[in-house]
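These notes are about the structure you will find just below.
Please treat every number below as a calculation from the coordinates, not as lab data. As the structure is a computational prediction, the values presented were derived from the model and not from experiment. As a convention, Cβ positions derive from the backbone with ideal geometry for all residues, glycine included, and neighbour counts pool all protein chains shown.
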Amino acid sequence: MKYPLFGALVFMSFLACKDNRFSATELATSLELKRGAMISCGPADAQFGSLSFEIKAKPGVQELFTLGVKMLHSFEYDEAEKVFASIIDKDPQCAMAYWGVAMSNFHPLWTPPTEAEFRKGSKALQIAKELADEPGKEADYIDALAAYYTEGKEENHRSRCLRFEQAMESTRAKYPQDKETAIFYALSLTAAADPADKTYTKQKKAGDILNAMYGGNPNHPGIIHYIIHTYDSPELAVLALPAARKYASVAPSSAHALHMPSHIFTRLGLWQEAIKSNQASVESAKCYAEQAGIKGHWDEELHGMDYLTYAYLQMGDNRMARQQWDYLKTITTVEPTNFKVVYAYAAIPSRYVLENKLWKEAAGIGIHLDNLDWKGHQWQKAILHFTRALGNVQIKNKAAAASEVGQLKLIHEALLAGKDTYKAEQVKIQWKAAQAWLHLLQQKSDALTLMQEAADLEDRTEKHPVTPGEVLPARQLLADMLLSLGRYADALSAYEADSKRHPNRFNTVYGAAVAANKLGDQAKARLYYEQLLDIAAPGSDRPEVAEARKYLRRG
């Protein structure tokens, strides 16, 4: 997406000389800053951790700036912008307050800024650059962030993140003993990491920087938060478990800090901890919506609901998972209506019907809220086509299945043409998997080859941070296909391979038990049936749980 720089000349006229001839009101109006009282849900004294980041400013501003940076580190971007706006009111010539506004509109690990956010960040940096006209750390910070906001040909979010990383690397080299510089550099490394790089080079580098500081700064929100993001992958997740179990207590006033540990809990199959984390996050998000005067629901609530649905399903707790879906149906207004919201509307119902193998319902899954921007969120829309494709295959409706597979192919091509290569690849995995199952129904010889290709593609990349996991892992679908073909040894190997990436997934563990039993490997079958009962919620009504108990009673 292109983000042309607007109004630069207007801002230059405001800032032609550094005196008080331009007012905070004029600047605030031109920037259209978020304003108002800071909203915080949680402890009465607003706890966001502790840090030190000294700047040049009028008396009374430093404490506010420190608060704004704390909120940046916990991705409380709207509230952070309010804090930086209040600094501009007190000290309109505080250059770093405008840097803070630009950082509040960047959100490097989520999704690219909207065009309006990019404009605001660009304008804020124009002002910051004029005000920070003396060499030093503040000017270097502003220049480093400007590397992201600089417009060029064929730009995209990742290419700008790479520039930000390079600029922060230079800044860190100039201030090697400065903690905040090191922390923001670590953030830039994680933001610029290639999802297809399975060596995790940048993430490991970021982790080394953060871990070196963690012991002496156990309550720094950025250090502990970015450790979680940096290690948010199957191979590295266990390294972040101590941080995940601490972050919520460091910044309990942040809804995101309450939610973020569940990324690691989900990676490690720790479902009870994931549920507890997201229950707290959802309640905090509801509180935020009420305090902010949002007419409907805040987007963070739906984000937490998707994670809750995933965790409940992996425990075989259909009652609680269905409760999330039923509640979602009552939600018609969400602010802001962004990529996380559209994802939740697609993923929550799809997860429920697919995990429970409700194939008729999957074949007819529809769009609950059609006034969302589905056209602008093709990756999310692909989830529904994927669900319908698998459902139609299982009920043997070849024509409908073929139509849905065709839609997945078209979405893949459109995303590829739009140079959104990551999401195009994610949709390609779904397209290949759905096509494989269609070809199996059509008795075509390449079905297993296609399914293997999809599983291999998925292994070479990483899930998007917005999601707790793939709607259905491709390697689990490969194992299911092998099981249906009577290739029990291969199926067991595939289930076990999937368990390494997705530990304690209900259907993967169950499939491994069935495959082992079919092979006559009673020791393994017993092991996996016992594991299924260990992860299953008390009172689960899933038939697989009853089957496991029956098997184990036989001795």
Checklist entry - Using the beta-carbon distance between Glu547 and Asp373 and R0 = 51 Å, what value does 1/(1 + (r/R0)^6) give for FRET efficiency, to the nearest 0.05? => result 0.75
Checklist outcome for this item: Here the averaged projected area of segment 442-489, based on the convex hull of its alpha-carbon atoms and given in nm², is 4.1 nm²
Item to check | Relative contact order for segment 104-234, counting Cα pairs under 8 Å that sit 6 or more residues apart, in percent | outcome: 16 percent
Next on the checklist: Sort 350-356, 115-121 by packing, meaning the average of other beta carbons within 10 Å per residue, with the highest value first.
Outcome noted: 350-356, 115-121
Checklist outcome for this item: For Ser170 and Ala414, extending 7 Å from Cα along the Cα-Cβ vector and measuring point to point gives, in nm, a value of 4.0 nm
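Tell me, in nm to one decimal, what length is gained between Lys444 and Lys198 on full extension, where the rule is 0.36 nm per residue of separation less the Cα-Cα distance? Let's see the in-between values first.
Details: separation 246, 0.36 × 246 = 88.56 nm, distance 3.28 nm.
Going from the current span to full extension adds 85.3 nm.
Could you line up Tyr488, Tyr226 from fewest to most neighbouring Cβ atoms inside 10 Å? The partial results should precede the final answer.
On the way: Tyr488 18, Tyr226 26.
If I rank by nearby Cβ atoms, fewest first, I get Tyr488, Tyr226.
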Item to check | Chain lengthening between Ser484 and Asp133 when straightened (0.36 nm per residue, less Cα-Cα) | outcome: 119.5 nm
Item to check | Set of lysines near Lys360 by C-alpha distance (under 23 Å), chain-local residues within fewer than 8 positions excluded | outcome: Lys329, Lys381, Lys396, Lys398, Lys409, Lys432
Checklist outcome for this item: Rg/Rh over Cα atoms for the chain, Kirkwood Rh, comes to 1.00
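D for segment 313-553, whole µm²/s, Stokes-Einstein with Kirkwood Rh over alpha-carbon pairs at 4 °C and 1.567 mPa s: what number?
Details: Rh = 18.5 Å.
In µm²/s, the coefficient is 70.
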Checklist entry - Which one of Val341, Leu328, Ala417 has its Cα pushed farthest toward the positive end of the charge dipole of segment 313-553, where Lys and Arg give +1 and Asp and Glu give -1 at the Cβ? => result Leu328
Checklist entry - In terms of Cα to Cα distance under 22 Å, which lysines are near enough to Lys550, apart from those fewer than 8 places away along the same chain? => result Lys357, Lys518, Lys524
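From the convex hull of the Cα coordinates of segment 8-243, what is the mean projected area in square nanometres? Walk me through the numbers on the way to the answer.
Details: hull surface 53.7 nm².
Average projection, Cα convex hull of segment 8-243: 13.4 nm².
Suppose R0 equals 25 Å. What FRET efficiency, 1/(1 + (r/R0)^6) with r the Cβ-Cβ distance, do Tyr327 and Glu361 give to the nearest 0.05?
Values: r = 18 Å, r/R0 = 0.71.
Result of the calculation: an efficiency of 0.90.
Sort 204-214, 300-310 by the packing proxy (mean of other Cβ within 10 Å over each peptide's residues), most packed first. Could the numbers behind the result be given before it?
Values: 204-214: 18.8, 300-310: 25.5.
For the peptides 204-214, 300-310, the packing ranking is 300-310, 204-214.
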Checklist outcome for this item: So the compactness index of segment 94-162, its C-alpha Rg divided by 2.2 N^0.38 Å, takes the value 1.05
Checklist outcome for this item: Glu547 neighbourhood, Cβ < 12 Å, K/R = +1, D/E = -1, net charge +4
Checklist outcome for this item: Links exceeding 27 Å between C-alpha atoms in this model, out of Lys58/Lys179; Lys423/Lys500; Lys295/Lys423; Lys70/Lys174; Lys56/Lys123; Lys174/Lys198, come to Lys295/Lys423; Lys174/Lys198
Checklist entry - By average Cβ neighbour count within 10 Å, what is the ranking of 270-282, 454-466 from highest down? => result 270-282, 454-466
